[in-house]
Amino acid sequence: MGETSMRRIVYERFGEADELKLTEAEHPVPAVGEVCIRVAGAGLNPIDWKTRKGLGFAAQQIRDRLPWTPGYDVAGTVTDVGEGVHTLSAGDRVMGMIGFPSGGGGYAEYALARADELIVVPEEMDLTEAGGLPLAALTAWQGLFEMGELQSDHKVLIHAGAGGVGHLAIQFARARGAHVIATASESNADFLATLGADEVIDYNRDDFVDACYGLDLIFDLVGGDTGKRSLHCLAEHGVLVTVPTVTADGIITEAENMGLKAHGMTVRPDVFHLEEIAELIEDGDVRLHVEEIFPLARAADAQRKLETGHVRGKLVLDCQAR
């Protein structure tokens, strides 16, 4: 294989994980304002498999762009800098949420990104693992602090606390000084305690509706019936932020009927938020938990595992592994 080609994952049609194919492509060349990254790690997110199945807003936007390379989360080393880029240079360790929503491109040995989508990776972070941070961290940050306006004297309930977004949300809320309650399966209770959750509710055994009341914020990463039932736990002034887009409208309507506040949300790239998050990692207040790293060629297996919904923290592709 020469320097002119690289390996990447593509799918040509929507469907099951078998549609993900490892192919060769031209080595990408950065346009104005872009850099080329040798991808060390590409994070997997639920939007990846939902989009692959043709579900949600991103799928609508890429419908006419297939074949398409998924992946919105990357960390790696800058190899090449496009015209007009003065903030980064070859050799820099960078990470970011890239190509959202219709560009993608992360599941590849090399990816293009806009320079303004990227920040420098903290020295404390393994570069491959860092690929799992941006999208989940931004979702947690924006959900808690922008949509949820979480304050230090608030009580917050975080559903699915052991997942990619959830385990970061617990740490962010804790760093802000809030009282943190989280739901998880019993096997994840100790994990959540080490992240700083004040209370952990085993959703298989205990009903969170009985356990929680007067909450300032509920960060709902489950949606559906869980989101609707959660409304009974809110204080009058409280707010519920629900992330799964498919069920958001129903939960918001239910909240309105009860005279309560609920919002849906879609994450967006934001380097200023990402810089604040990187600072928390540098200070040792937040850590990313990566459950498993798969080689690029096993992207289908990685997506299947994520789809089961029982991953602790994050899954990442090692895009240089052979």
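We did not get these values from a lab; they are worked out from the coordinates using the rules stated. Note that the structure is predicted; figures quoted are calculated from it, not measured. Note that we place each Cβ from the backbone using ideal geometry, even for glycine, and neighbour counts take in every protein chain shown.
Observations
- One decimal place: the segment Glu279-His310 gains 8.3 nm when fully extended, by the rule 0.36 nm per residue minus the C-alpha distance.
- Compared with the dominant Cα axis of the chain, that is its longest principal axis, helix 164-176 is turned about 60°.
- Rg(Cα) / (2.2 N^0.38 Å) computed for region 14-86, rounded to two decimals: 1.27
- ³J(HN,Hα), Karplus 6.51/-1.76/1.60, whole Hz, each residue of region 198-208, x for Gly, Pro: 6, 9, 10, 9, 6, 5, 7, 10, 10, 8, 4
- C-alpha long axis of helix 271-282 to longest principal axis of the chain, angle in °: 80
- The mean of 1/r over all pairs of different alpha-carbon atoms in region 136-264, once inverted, gives a Kirkwood hydrodynamic radius of 14.0 Å.
- For Leu150, distant residues with modelled amide H under 5 Å away: Phe145
- Calculated Cα Rg over 2.2 N^0.38 Å (choose from (i) 1.08; (ii) 0.99; (iii) 1.28), label: (ii)
- With the charge dipole of the chain set up from +1 on Lys and Arg Cβ and -1 on Asp and Glu Cβ about the Cα centre, the Cα lying farthest toward the positive end among the listed residues Ser152, Ala299, Val271 is that of Ala299.
- Dividing the summed -39500 (n - 2.57) terms of all DSSP H runs of n ≥ 4 by the residue count of the chain sets its mean residue ellipticity at 222 nm at -7500 deg cm²/dmol.
- Label separation (Gln60 vs Ala189): 4.3 nm, computed from points 7 Å beyond Cα along the C-beta direction.
- Whole-Hz ³J(HN,Hα) from phi, Karplus 6.51 cos²θ - 1.76 cosθ + 1.60, for region 251-265, glycine and proline x: 5, 5, 4, 4, 4, 4, 4, 8, x, 10, 10, 9, 10, x, 7
- The chain - Cys residues lacking any other Cys C-beta under 4.7 Å: Cys36, Cys319
- Karplus-derived 3J(HN,Hα), 6.51/-1.76/1.60, for each residue of region 58-71, Hz, glycine and proline x: 5, 4, 4, 7, 9, 2, 9, 10, 5, x, 9, 9, x, x
- Once both labels are positioned 7 Å from their Cα atoms along Cα-to-Cβ, the gap between Glu236 and Thr79 label points is 6.1 nm.
- Stretching Asp116 away from Glu146 to a fully extended chain increases their span by 8.7 nm, per 0.36 nm per residue minus the current alpha-carbon distance.
- Structural descriptor for the chain: relative contact order 19 percent, calculated from alpha carbon pairs under 8 angstrom and at least 6 residues apart.
- In range of the label at Thr253: residues from region 57-73 whose backbone nitrogen is under 20 Å from the point 7 Å along Cα→Cβ: 57
- Estimated dipole of the chain in Debye, rounded to 20 [Cβ of Lys and Arg +1, of Asp and Glu -1, Cα centre]: 900
- Dipole of region 83-177, positive end: most advanced residue of Pro101, Leu127, Ala111 [Cβ charges, Cα centre]: Pro101
- Using the Cβ-Cβ distance between Ala90 and Glu124 with R0 set to 22 Å, the FRET efficiency from 1/(1 + (r/R0)^6) comes to roughly 0.45.
- Ignoring lysines fewer than eight residues from Lys314 along the same chain, the ones with Cα atoms less than 28 angstrom from its Cα are Lys21, Lys50, Lys53, Lys155, Lys228, Lys305.
- Within region 136-264: Cβ-based charge dipole about Cα centre, in debye rounded to nearest 20 (Lys, Arg +1; Asp, Glu -1): 260
- Peptide ranges 201-207, 312-318, 42-48 listed from the most packed, as the mean C-beta count within 10 angstrom indicates: 42-48, 312-318, 201-207
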